[in-house]
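Novice: The structure is given below, and queries will be raised subsequently.
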Amino acid sequence: MQRTTLVPLMRFAAEPANAAAGPLRLLELGCGTGRFLTFALDALQSHPGGVRATAVELSPFYLEAARRNVDYAARLRGWPAETAAVRFVLGSAESMPELADGSQDAIMCVYTFHELPPTARVAIAREVGRLLRPGGVFVLTDSLQLGDRPSIDAEIPVFSQLNEPYYQSFLETDFADLLRTEAGMRPEWKGLRSATKTLSFRKPE
Ligand SMILES: C[S@@+](CC[C@H](N)C(=O)[O-])C[C@H]1O[C@@H](n2cnc3c(N)ncnc32)[C@H](O)[C@@H]1O
């Protein structure tokens, strides 16, 4: 259900001001093998101004796989050269000094927050606030949390026992509060699909 991320992302891209604003500057945090990035770039390949994407990943092995997957998808799908020219950054999303303040229109992060210790969640929220330009969007996709589907509240914490030491604290995190206090952002959209939740937040103009 990674693709739930596309709902707020594509809505954002289609807003008249964003469609007319030149290349959409898209950043993915924790891109893993890049599989979802290929979906997003494919969906955005006809964005009027093109797409200029950056992918940040902690693991050099995943980053290399992402590079290969993007190259393959670009050839298979015939993306414009600019769309295919993804900038891959090896590093931690808690601190991305290579990227300038306000340099991104949209940031997405899929299935990574549940792996992060609470201090990293705070640091990343701050980086999101720094990197987005005013009016930019942050799309966060991850597991359902407690209260999203009360009927399974007793079952979802079991995932904590599967080598996921930060999952319980993830379940209890109030992301609206985190993004407001650390990044000055406001909640925009929430979508639930199967065991996945997507939240989007906007940085005020
Ligand atoms: C569960 S995987 C999800 C990967 C991908 N987003 C997806 O949906 O398939 C989490 C990814 O986040 C990366 N990651 C974990 N902590 C990170 C951090 N602090 N900064 C950047 N990447 C991180 C991991 O290496 C891993 O590739």
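Novice: Does GLU98 satisfy the condition of being under 19 Å from the mean Cα position of the chain (by Cα), part of a loop (DSSP other than H, G, I, E, B) and touching a residue at least 24 places away in the same chain (Cβ under 8 Å)? Please lay out each step first, then the result.
Specialist: Details: under 19 Å from the mean Cα position of the chain (by Cα): yes; part of a loop (DSSP other than H, G, I, E, B): yes; touching a residue at least 24 places away in the same chain (Cβ under 8 Å): no.
So GLU98 does not fit the description; no.
Novice: Whether any residue in region 22-35 is buried (at least 24 other Cβ atoms within 10 Å of the Cβ), β-branched (Val, Ile, Thr), within 11 Å of the ligand (Cβ to nearest atom) and at pLDDT 95 or above is what I want to check.
Specialist: The answer is no; no qualifying residue exists.
Novice: For region 51-79, which positions are open to solvent by less than 60 Å² (accessible area, probe 1.4 Å) and part of a loop (DSSP other than H, G, I, E, B)?
Specialist: SER59, GLY78, TRP79
Novice: Check off (1) closer than 20 Å to PHE138 by Cβ; (2) in contact (Cβ under 8 Å) with a residue 24 or more places away in the chain; (3) away from the ligand (no atom under 16 Å from the Cβ) for ARG87 and give me the number that stays unchecked.
Specialist: Result: ARG87 passes all but (3).
Novice: Could you tell me how many of the residues in region 101-119 are within 12 Å of the ligand (Cβ to nearest atom) and either open to solvent by 70 Å² or more (accessible area, probe 1.4 Å) or over 15 Å from the mean Cα position of the chain (by Cα) (or both)? Working first, answer last.
Specialist: Here is the first cut: in region 101-119, the residues within 12 Å of the ligand (Cβ to nearest atom) are 108-117, 119.
Add one more test, that the residue is either open to solvent by 70 Å² or more (accessible area, probe 1.4 Å) or over 15 Å from the mean Cα position of the chain (by Cα) (or both), and what stays is 111, 115, 117, 119.
Summing the residues that are within 12 Å of the ligand (Cβ to nearest atom) and either open to solvent by 70 Å² or more (accessible area, probe 1.4 Å) or over 15 Å from the mean Cα position of the chain (by Cα) (or both) in region 101-119 gives 4.
Novice: (1) over 21 Å from GLY32 (Cβ atoms); (2) surrounded by 14 or more Cβ atoms within 10 Å (Cβ to Cβ): which one isn't true of SER151, the others all being true?
Specialist: (2)
Novice: Please identify the pairs in which a residue from region 1-19 that is exposed (fewer than 15 other Cβ atoms within 10 Å of the Cβ) has its Cβ atom under 8 Å from the Cβ atom of a residue that is in a helix (DSSP H, G or I), counting only partners at least 6 apart or on another chain.
Specialist: MET10/ALA43; MET10/LEU44; ALA19/ALA13
The values are calculated or read from the model by the stated rules, or taken from the named source; none is laboratory data. Computed from a predicted model, the values in this text were never measured in an experiment. Methodologically, a virtual Cβ is constructed for each residue, glycine included, from the backbone with ideal geometry; neighbour enumeration extends over all protein chains shown. Ligands, DNA and RNA are excluded from the accessible area calculation, which covers all protein heavy atoms including side chains. Shrake-Rupley method; radii C 1.70, N 1.55, O 1.52, S 1.80 Å.
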